[in-house]
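Asks: Okay, here's the structure, questions in a sec.
The values are calculated or read from the model by the stated rules, or taken from the named source; none is laboratory data. In this text, all values refer to a predicted model and were calculated from it rather than measured experimentally. As a convention, Cβ positions derive from the backbone with ideal geometry for all residues, glycine included, and neighbour counts pool all protein chains shown.
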Amino acid sequence: MANNGDRRSAAWFGATGRAGMAYRSWMRSQGFTPEVFDGRPVIGIATTWSELAPCNAHLHRVAESVKRGVWQAGGFPLEFPAMALGETLLRPTAMLYRNLLAMEAEELFRANPLDGVVLLSGCDKTTPGLLMAAASVDLPAIMVTGGPKLNGKYQGTDVGSGTAVWRWEEDMVAGRMTQEECFFAEACMSRSDGHCMTMGTASTMASVAEALGMQLPYSAAWPAVDARRYETAQRAGQVIVDLVNSDLTPSAIMTRAAFENAIRVNAAIGGSTNAVIHLLAIAGRLGVPLSLDDFDTLAADVPTLVNLQPSGQYLMEDFCYAGGLPAVMRELGGLLHGGAVTVTGRTVAENVAEAPCWNRDVIYPMDAPFQPPGTGTAVLRGNLAPDGAVIKQSAASPHLLKHRGRALVFDSPEAYHAVVADEDLDADEDTVLVIRYCGPRGYPGMPEVSNVPLPKKLLNRGVRDMVRICDGRMSGTAYGTVVLHVTPEAAAGGALALVRTGDWITLDVPSRALTLEVSDEELARRRAQWTAPPPAASRGWTRLYTDHVLQADSGADLDFLVGASGHEVPRDSH
Ligand code: FES
């Protein structure tokens, strides 16, 4: 049997004696011919397929296309499951399990006879979770996201997943939509395979993966049901074999320059604030220095070019037909590090040099952008968020970006929801809603609850937005003037825990300030009276998570998962 002894997999399938026989024999129970053990690259296809993760439910078919490509290029593809995280079903929140997926996938990549991995993701947390794992193990890797759903169609208009839900919820509260209409509308919104088709977190992270250089150009935008999604998957199967042969690893692709590109692309596409946390976590695995402030300073001169919901009008299908991410990256030109290398083996500049734009109402040019520079994610600081907080300016109401109001404080989103319909709720349009104990440790898992709906009585009066402040996250499909990721979180003893109803709070986004107008002496008095909430769990994953999760400004990874582990297996019991 010919064998390439340099390959990692050769330690298994090229072995002689009892151990080698066991490695090969058990694999042959699947009907593989012996040529698969001839030293060709063994390619793992990590799929987050699950019927419980509906955005990823088609990934087993995408995997078949990847396998075709791997076989074509002379590799040996082996598909295996990694934890599927369905954003809509998992309780208390899928984010609680992102690090568990990352940890599971990291161990699987290392423990198995793999020379390279293809990462199949879709729904929000599966993309960063697999990238974190790939970063830590640093085997050659390529990502294939599952693609967005087709545009939702309801009553003659396009409706975006997630974004429409928030609007319909307000319509139902205000009596503008019946439950029967809701049943009908929900099917119109989700009418094909794929992840959310707004520029929510899934589309953002797919775009970010492409901007980082970890998936093929155009990959982010092909709709899940488009034949070119499957063509791209097959191409990725060919490319991963090249990556193994050239030993081009994630650490050589996801450099500081690549992260800077991703941050700027995220600003240009009006991407989700969740990208901030995920990119910080991925960078932490690689040892790439990246800070929360980078997201503000690097995005400051980047205009929003993409007119997609929730910041704009269109949806991912339109974005695809308009030219997709390469058209945006070409437009950004010198704002990107064109020399950054990608999974194609070529540079960013080479990948996008000829990228056309077919619709300037979807992808705007740099000289006449959709929104001017500085309308992306802003990082706020002040005595209420000494370690930072973020706000997505493009999804906020311009008139609320400078605002002073009295706090109305709730210790959980549930406590607020219990009174949201009260006619006598002491709130007006100037009130600042404070929702706390929603951070990584507090809820736990830092759920997407920050954009709580407005009080019913204000909705009925036509109020459409209010300032909300929270240590949790917001869905990438959501909108509103919402200050997120307040750090330190309330459960960690942050100043957010000390706010009382009636306190004045000033939000000044142009000055990047978030101020609780309470003296240091009074805050010290309140702190002395504060007691930390009891742990959310006494055992299991949630206990491990809450004991070790980092704050949002560090990407909310677990402290012991930061950094690389490599792909060496320390011991072998065979
Ligand atoms: Fe899966 Fe939105 S719920 S991507």
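Asks: Whether any residue in region 176-187 is within 30 Å of Ile45 (Cβ to Cβ) and either in contact with a strand residue (DSSP E or B) (Cβ under 6 Å, 6 or more places away or on another chain) or touching a residue at least 24 places away in the same chain (Cβ under 8 Å) (or both) is what I want to check.
Replies: No, the conditions are met nowhere in region 176-187.
Asks: When both residues are 6+ apart or on different chains and their Cβ atoms are under 6 Å apart, which pairs have a first residue that lies in region 54-67 and is closer than 14 Å to Val225 by Cβ, and a second that is more than 15 Å from the ligand (Cβ to nearest atom)?
Replies: Between residues of region 54-67 that are closer than 14 Å to Val225 by Cβ and residues that are more than 15 Å from the ligand (Cβ to nearest atom), the close pairs are Leu59/Thr47; Val62/Ala233; Ser65/Tyr230; Ser65/Ala233; Ser65/Gln234.
Asks: Collect the residues in region 94-129 that are within 16 Å of the ligand (Cβ to nearest atom), in a helix (DSSP H, G or I), under 18 Å from Val549 (Cα atoms) and in contact with a helix residue (DSSP H, G or I) (Cβ under 6 Å, 6 or more places away or on another chain), keeping them in residue-number order.
Replies: Within region 94-129, Arg98, Leu101, Pro128, Gly129 qualify.
Asks: Restricting to region 487-507, what's the tally of residues that are within 27 Å of the chain's Cα centre (by Cα) and in a strand (DSSP E or B)?
Replies: Qualifying residue count for the region: 1.
Asks: Go through region 392-405 and give me each residue that's at pLDDT 95 or above and crowded, with 16+ Cβ neighbours inside 10 Å.
Replies: Result: Leu400, Leu401, His403, Gly405.
Asks: Does region 32-42 include one or more residues that are without any contact (Cβ under 8 Å) to a residue 60 or more places away in the chain and closer than 20 Å to Asp193 by Cβ?
Replies: So far as region 32-42 goes, no, none of its residues is without any contact (Cβ under 8 Å) to a residue 60 or more places away in the chain and closer than 20 Å to Asp193 by Cβ.
Asks: In addition: Please find, within region 201-224, the residue that is nearest to the ligand (Cβ to nearest atom) out of those that are within 14 Å of Met329 (Cβ to Cβ) and among the hydroxyl-bearing types (Ser, Thr, Tyr).
Replies: Looking at the filtered set, the residue picked out is Ser207.
Asks: Right, here's the next one. Condition first: in a helix (DSSP H, G or I), touching a Phe, Trp or Tyr at 6+ places or on another chain (Cβ under 9 Å), under 30 Å from Leu100 (Cα atoms) and not small (Gly, Ala, Ser). Can you find one or more residues in region 2-19 that meet it?
Replies: For region 2-19, residues in a helix (DSSP H, G or I), touching a Phe, Trp or Tyr at 6+ places or on another chain (Cβ under 9 Å), under 30 Å from Leu100 (Cα atoms) and not small (Gly, Ala, Ser): present.
Asks: Under the condition of being charged (D, E, K, R) and more than 18 Å from Val244 (Cβ to Cβ), which residue from region 80-118 is surrounded by the most Cβ atoms within 10 Å (Cβ to Cβ)?
Replies: Among residues in region 80-118 that are charged (D, E, K, R) and more than 18 Å from Val244 (Cβ to Cβ), the one surrounded by the most Cβ atoms within 10 Å (Cβ to Cβ) is Arg98.
Asks: A follow-up question, please. Which of the residues that make up region 149-163 are more than 16 Å from the ligand (Cβ to nearest atom), buried (at least 17 other Cβ atoms within 10 Å of the Cβ) and of a type outside the set (D, E, K, R)? Break it down into steps so the answer makes sense when it comes.
Replies: Going residue by residue through region 149-163, those that are more than 16 Å from the ligand (Cβ to nearest atom) are 153-158.
Right, trim to buried (at least 17 other Cβ atoms within 10 Å of the Cβ) and you get 154, 158.
Selection gives Tyr154 alone.
Asks: Could you grab me the full set of residues in region 248-289 that are crowded, with 24+ Cβ neighbours inside 10 Å and part of a loop (DSSP other than H, G, I, E, B)?
Replies: Within region 248-289, Met254, Ile269, Gly270, Gly271, Ser272, Thr273 meet the criteria.
Asks: Residue check, Phe370 against (1) under 20 Å from Arg500 (Cα atoms); (2) crowded, with 19+ Cβ neighbours inside 10 Å; (3) at pLDDT 95 or above, all met but one. Which one?
Replies: Of everything listed in (1) under 20 Å from Arg500 (Cα atoms); (2) crowded, with 19+ Cβ neighbours inside 10 Å; (3) at pLDDT 95 or above, Phe370 misses just condition (1).
Asks: Please indicate, with yes or no, whether at least one residue in region 203-226 is under 30 Å from Val420 (Cβ atoms) and buried (at least 22 other Cβ atoms within 10 Å of the Cβ). Explain how you work it out, then say what you get.
Replies: First, the residues of region 203-226 that are under 30 Å from Val420 (Cβ atoms): 203-204.
Then drop every residue that is not buried (at least 22 other Cβ atoms within 10 Å of the Cβ), which leaves 203-204.
Yes, that holds for at least one residue.
Asks: A further question follows. Determine, yes or no, whether Ala490 is touching a Gly at 6+ places or on another chain (Cβ under 9 Å) and small (Gly, Ala, Ser).
Replies: Working: touching a Gly at 6+ places or on another chain (Cβ under 9 Å): yes; small (Gly, Ala, Ser): yes.
Taking the combined requirement at face value, the residue satisfies it.
Asks: Which numbered condition in (1) out of contact with any Asp or Glu (no Cβ under 8 Å at 6 or more places or on another chain); (2) over 30 Å from Gln393 (Cα atoms) is the only one that Ala564 fails?
Replies: Checking Ala564 against (1) out of contact with any Asp or Glu (no Cβ under 8 Å at 6 or more places or on another chain); (2) over 30 Å from Gln393 (Cα atoms), the one that fails is (1).
Asks: Can you confirm whether region 320-328 contains a residue that is closer than 16 Å to Val208 by Cα, of a type in the set (Val, Ile, Thr) and in contact with a Pro (Cβ under 9 Å, 6 or more places away or on another chain)?
Replies: The answer is no; no qualifying residue exists.
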